[in-house]
Each structure stands twice: as structure tokens, then as C-alpha cells.
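A short worksheet on the structure shown next.
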Amino acid sequence: MEIMHKKIVILVGSLRKDSTNRKIAKELIRLSSERLNMEIVEVGQLPLYNEDFDSNPPAEWTEFKNKIEQADGILIVSPEYNRSIPGALKNAIDVGSRPYGKNSWAAKPGGIVTSSPSGIGGAVANHHIRQAMVFVDVPIMQQPEAYISGSWNIWKEDGVTVDEKTEPFLKSWITAFENWVYKF
Ligand SMILES: Cc1cc2nc3c(=O)[nH]c(=O)nc-3n(C[C@H](O)[C@H](O)[C@H](O)COP(=O)(O)O)c2cc1C
């Protein structure tokens, strides 16, 4: 029997090769059940949003919007930059939201995980991302919240697997997110 699954697009707010947020996103994929089919969709290649190009959009915008439109849900895993949303991620949110009347995000359930090597786990960025996503009509899971602090020190020796303390948290969060997505 074929297993039903929901397609989830993951956006990572950091572009750097060794991004801890990208590694957390990959761990969330590993810890998710087969009811979620999760894929990271890149945001770093998107030209900066410019309303002048709404009528003749760059191919990268169209390709990105198509991927969002094919998804059943959106998961954002991001750092905080200067107490706010990293520019590449905000640009992706803007690109997906336009042209006016063609908002690709509309009514897709979403979730946000932020992380930081410091103590408050990107909480300020988390709520800035939340504000933008709510405006583009994405119902964002309210609870449980995910602010991962000390993010450079949550890894096992292999550098890619989260430690015994972090894994159960990520597992319970992604299970809650799965239930959230299936409500829609
Ligand atoms: C431009 C810039 C601004 C940053 N601002 C913040 C900040 O406001 N709050 C915070 O907790 N960390 C801040 N950091 C540190 C990041 O949380 C840290 O570099 C993190 O590892 C980035 O995520 P990544 O590993 O996925 O690239 C900033 C980093 C950069 C490069």
C-alpha cells in the first residue's frame, strides 16, 4: 500500500557551506516520519526582488515559486542576523509573495526553527520571520516553539548528528509539526 505523505519545502536562512542551520534542517529530515517528504529548496541563487520584473520575472524566481506552489507545507530553519531575518531568506519570502495576487505561500501551513550559538536561540529573528510569514498567509505552528541556543555545541563527534539532549527535542518538534501540517 502506498504511504500518504505531505511534501514539505525547507528554507535555510544561512548560505554558508558549514551552516549549523543547514545541518539542523538535515537532522529534522532524518528524524521526521515517512509521512513527511522534506526537501531543502535553495534561496541563495534568487536575484533580489524588484517589482519592475514582475511582468518578466527571472527564471530563478519562477522556478522557486513553482516549488513553493507544489508543496503542502513550509519549514524555515534560520539563524538570526542583527536581531532580524537574514537578507537572503527575506528576499525569498518577498519573491514568493509576488506579483500582487500571485502569492505562492498562501494557506500552506508552516513552522520555524531558529538557532544561535548564543543564549536566546535566534528568538528575535524567529518572531520577525513569523510576522512576515503570517502576513503572506502562512499559518505558523505556535507551539512548541524552537529556539536552539548554543548551536555550535549540540553535535556529536561526527559533526553532523545532534547530541542526546538535542535529538529528543528535535524529534518531538518535528512530530508536532507533522501533526500541524496534517490538520490542513
Ligand atoms: C551578519 C551576522 C549577524 C549576526 N547577528 C546575530 C544576532 O543578531 N543574534 C545571534 O544570536 N547571532 C547572530 N549572528 C551569529 C550567528 O547566529 C552564527 O554565525 C550562526 O552560526 C549562523 O548560522 P549558520 O551556522 O547556520 O551559518 C550573526 C552572524 C552574522 C554573520
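Annotations for the structure displayed:
- Some residue of the range 123-139 being surrounded by fewer than 19 Cβ atoms within 10 Å (Cβ to Cβ), in a helix (DSSP H, G or I), touching a Phe, Trp or Tyr at 6+ places or on another chain (Cβ under 8 Å) and of a type outside the set (Val, Ile, Thr): yes
- Candidate set from the range 72-89 (those that are more than 16 Å from the ligand (Cβ to nearest atom) and surrounded by 21 or more Cβ atoms within 10 Å (Cβ to Cβ)); member that is nearest to Gly13 (Cα to Cα): Ile74
- Residues of the range 151-184 classified as basic (Lys, Arg), in contact (Cβ under 8 Å) with a residue 24 or more places away in the chain and not in a helix (DSSP H, G or I), total: 1
- Residues in the range 114-161 that are within 16 Å of the ligand (Cβ to nearest atom), within 21 Å of Phe177 (Cα to Cα) and of a type in the set (Phe, Trp, Tyr): 1 in all.
- Verdict on Gly44 being within 16 Å of the ligand (Cβ to nearest atom) and surrounded by fewer than 15 Cβ atoms within 10 Å (Cβ to Cβ): yes
- Restricting attention to the range 136-164, the residues that are of a type outside the set (A, V, I, L, M) and either over 17 Å from the mean Cα position of the chain (by Cα) or more than 19 Å from Ile10 (Cα to Cα) (or both) total 12.
- Residues of the range 18-40 classified as within 9 Å of the ligand (Cβ to nearest atom) and either modelled with pLDDT under 95 or not in a helix (DSSP H, G or I) (or both), total: 2
- Test: residue in the range 90-102 that is over 12 Å from the mean Cα position of the chain (by Cα), hydrophobic (A, V, I, L, M, F, W, C) and either over 18 Å from Ile24 (Cβ atoms) or more than 11 Å from the ligand (Cβ to nearest atom) (or both): yes
- Contacts under 6 angstrom Cβ, first residue in the range 136-150 being modelled with pLDDT under 95, partner surrounded by 14 or more Cβ atoms within 10 Å (Cβ to Cβ) and of a type in the set (Lys, Arg), 6 or more apart: none
- Restricted to the range 1-17, and to residues there that are within 16 Å of the ligand (Cβ to nearest atom) and among the charged types (D, E, K, R), the residue that is surrounded by the fewest Cβ atoms within 10 Å (Cβ to Cβ) is Lys17.
- Hits in the range 104-122 - residues which are surrounded by fewer than 24 Cβ atoms within 10 Å (Cβ to Cβ) and at positive phi: Ala107, Gly121
The values are calculated or read from the model by the stated rules, or taken from the named source; none is laboratory data. Computed from a prediction, not measured in an experiment: that's the story for all the values here. So basically every Cβ, Gly included, is an ideal-geometry build from the backbone, and we count neighbours across all protein chains shown.
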